[in-house]
Amino acid sequence: MPRSEAVAAPPLRRPAAALEKPTLVGLSREAMGDALAERGVPQKQVRMRVSQLWHWLYVRGVSDFDDMTNVSREMREMLKTHFTIARPEIVEEQVSNDGTRKWLLRFPPRGAGRPVEVETVYIPEEGRGTLCISSQVGCTLTCSFCHTGTQKLVRNLTAEEILAQLLLARDRLGDFPDRDTPAGAIVPNEGRKITNIVMMGMGEPLYNFDNVKQALLIATDGDGLSLSKRRVTLSTSGIVPEILRTGSEIGVMLAISLHAVRDELRDMLVPINRKYPLKELIAACRAYPGLSNARRITFEYVMLKDVNDSLEDAKLLVQLLKGVPAKINLIPFNPWPGTNYQCSDWETIERFADFVNQAGYASPIRTPRGRDILAACGQLKSESERMRKVDRMAFEAMMIAGHGEDD
Ligand code: SAH
Ligand code: SF4
């Protein structure tokens, strides 16, 4: 397998002290206004200043107050003294041989904590580009086939840190307007490199609901980053009470990590099933606000050899989802060092897909992307838990020996 190209991270562009200051990124307009007013911006100017900053941060993508050319020097000095809008540090940027990119980002400590690291993945495809964003460092859930699940939860990411993954990826991909385009220029949707975002990185987004909500509302704000809500998908292992809130308060597309259609098996694969069993999960899906044939729920189903890939499982799946506007995404299992699972054979996956498809559900098989740089679904983990070199070599040998032939 060709080795991935590791790109040296650019040097830190800001003094460490800047990290201590409160950020303006990820605040609601109201909170940003309050922060400015506290620093002496006259009340009658606050609205205008917030709009101005919003535009610089989210349309122009600046990460340095000095680039805000229509803001007076005095105001810029005040902002620099009290706030930061700096991007996180890039510890590593890797480019897969299929064009997938993965960034390992380091965020400064919050309060007394330590710096944390998370991974963000960009997947370019014909006609679109998807950014896979993390919501937590590690995960409290322990799905048995997921690499992230073997890493204990370190902490929730803040709204700023969730949003920063999108801002940084747009920087690195050249996806903000050039410095010299006229003020107000927005990269039109069809010209963008990042057209879609999926909350499918590390962590369970519905266990960090408030921060995820705030970040996604900013990402979809029409005066800023302006991603369409139909192009934002939140994936959950099935935290039932928060599913309804996702629809009513955020309004993005929903994906459910289903993976099994019998409670005994799902209890093992996705242990949160013991708390929210299939019946409750599917009832919550049926009640998802805005659900229609044009806004279907995606059910993710990882294909595990001899575990959940029989035709009997396919039949039960179709029965379970009867009447739910759904699309079933079959995910070939992505191996990671230490796992006991194997990916189903290709013929088995196709047979399963055909059955589901004939029952009237779209059932695309997800092409594994970025496996060579451990960027594929369920392979993410952060620096604190990154593979020792010897493990990495053993893993690569395993991939070459047969698990990675479809890369
Ligand atoms: N915690 C959320 C979102 C992150 S996981 C969730 O569970 O939905 C994104 C998707 O990748 C989920 O469907 C997850 O079940 C799946 N996944 C996890 N490990 C995987 C692996 N090793 N191979 C393939 N898919 C995996
Ligand atoms: Fe957490 Fe999702 Fe992995 Fe389960 S599949 S351990 S919920 S990240």
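The values are calculated or read from the model by the stated rules, or taken from the named source; none is laboratory data. Owing to the predicted nature of the structure, the values given are computational and were not obtained by experimental measurement. For neighbour counting, all protein chains shown are included, and Cβ atoms are generated from backbone atoms with ideal geometry for every residue, glycine included. These accessible areas exclude ligands, DNA and RNA; they are computed on the full protein's heavy atoms, side chains included. Shrake-Rupley method; radii C 1.70, N 1.55, O 1.52, S 1.80 Å.
In the stretch 347-358, the count of residues that are more than 15 Å from ligand 2 (Cβ to nearest atom), in the same structural domain as Lys213 (by TED's automatic domain parsing), more than 25 Å from the chain's Cα centre (by Cα) and hydroxyl-bearing (Ser, Thr, Tyr) is one or more. Take Glu264 and tell me if it is open to solvent by 60 Å² or more (accessible area, probe 1.4 Å), in a helix (DSSP H, G or I) and either more than 25 Å from Ile365 (Cβ to Cβ) or not hydrophobic (A, V, I, L, M, F, W, C) (or both). Spelling it out, Glu264 is indeed open to solvent by 60 Å² or more (accessible area, probe 1.4 Å), in a helix (DSSP H, G or I) and either more than 25 Å from Ile365 (Cβ to Cβ) or not hydrophobic (A, V, I, L, M, F, W, C) (or both).
Considering every residue within the stretch 84-99, establish whether at least one is under 13 Å from the mean Cα position of the chain (by Cα), closer than 18 Å to Met200 by Cβ and surrounded by 18 or more Cβ atoms within 10 Å (Cβ to Cβ). There is no residue in the stretch 84-99 that is under 13 Å from the mean Cα position of the chain (by Cα), closer than 18 Å to Met200 by Cβ and surrounded by 18 or more Cβ atoms within 10 Å (Cβ to Cβ).
The residues in the stretch 102-134 that are assigned to a loop (DSSP other than H, G, I, E, B) and buried (at least 17 other Cβ atoms within 10 Å of the Cβ) can be counted, and the count is 3.
Here Gly323 passes the criteria (1) in a loop (DSSP other than H, G, I, E, B); (2) out of contact with any His (no Cβ under 9 Å at 6 or more places or on another chain); (3) surrounded by 23 or more Cβ atoms within 10 Å (Cβ to Cβ) except the one numbered (3). Of everything listed in (1) open to solvent by less than 40 Å² (accessible area, probe 1.4 Å); (2) more than 12 Å from ligand 1 (Cβ to nearest atom), the single unmet condition for Asp171 is (1).
Condition first: buried (at least 17 other Cβ atoms within 10 Å of the Cβ), not in a helix (DSSP H, G or I) and not assigned by TED's automatic domain parsing to the domain that holds Asp210. Can you find one or more residues in the stretch 30-53 that meet it? Steps first, answer last, please.
Looking only at the stretch 30-53, we keep the residues that are buried (at least 17 other Cβ atoms within 10 Å of the Cβ), and these are 32-33, 35-36, 41, 46, 49-50, 53.
Checking which are not in a helix (DSSP H, G or I) leaves us with 41.
Going one step further and asking which of them are not assigned by TED's automatic domain parsing to the domain that holds Asp210, we end up with 41.
Within the stretch 30-53, one or more residues are buried (at least 17 other Cβ atoms within 10 Å of the Cβ), not in a helix (DSSP H, G or I) and not assigned by TED's automatic domain parsing to the domain that holds Asp210.
If the condition is being part of a loop (DSSP other than H, G, I, E, B) and either more than 16 Å from ligand 2 (Cβ to nearest atom) or in contact with a Phe, Trp or Tyr (Cβ under 9 Å, 6 or more places away or on another chain) (or both), then the stretch 146-177 contributes Cys146, His147, Leu153, Leu157, Thr158, Leu173, Gly174, Asp175, Phe176, Pro177.
Residues that are at pLDDT below 90 and assigned by TED's automatic domain parsing to the domain that holds Ser228 do not occur anywhere in the stretch 158-167. If the condition is being assigned to a helix (DSSP H, G or I) and either within 20 Å of Thr140 (Cα to Cα) or open to solvent by less than 20 Å² (accessible area, probe 1.4 Å) (or both), then the stretch 273-283 contributes Asn273, Arg274, Leu278, Leu281, Ile282.
Determine whether Met202 is among the hydrophobic types (A, V, I, L, M, F, W, C) and at pLDDT below 95. If you could, list the steps in order and put the result at the bottom.
Working: among the hydrophobic types (A, V, I, L, M, F, W, C): yes; at pLDDT below 95: yes.
Yes, satisfied.
Only one entry of Lys21, Lys80 meets the criterion of being at pLDDT 95 or above, open to solvent by 50 Å² or more (accessible area, probe 1.4 Å) and among the basic types (Lys, Arg), and that entry is Lys80.
If only one of Val270, Val307, Val232, Val252 is touching a Cys at 6+ places or on another chain (Cβ under 6 Å) and buried (at least 19 other Cβ atoms within 10 Å of the Cβ), which one is it? Don't jump to the end; show me each part of the working.
Numbers: Val307 fails: touching a Cys at 6+ places or on another chain (Cβ under 6 Å); Val232 fails: touching a Cys at 6+ places or on another chain (Cβ under 6 Å); Val252 fails: touching a Cys at 6+ places or on another chain (Cβ under 6 Å).
Exactly one of Val270, Val307, Val232, Val252 is touching a Cys at 6+ places or on another chain (Cβ under 6 Å) and buried (at least 19 other Cβ atoms within 10 Å of the Cβ), namely Val270.
Does Glu77 meet the test of being assigned by TED's automatic domain parsing to the domain that holds Ser63 and away from ligand 2 (no atom under 16 Å from the Cβ)? When the stated conditions are applied, Glu77 passes them. Restricting the stretch 219-244 to residues that are of a type in the set (Asp, Glu) and part of a loop (DSSP other than H, G, I, E, B), the residue that is farthest from ligand 1 (Cβ to nearest atom) is Asp223.
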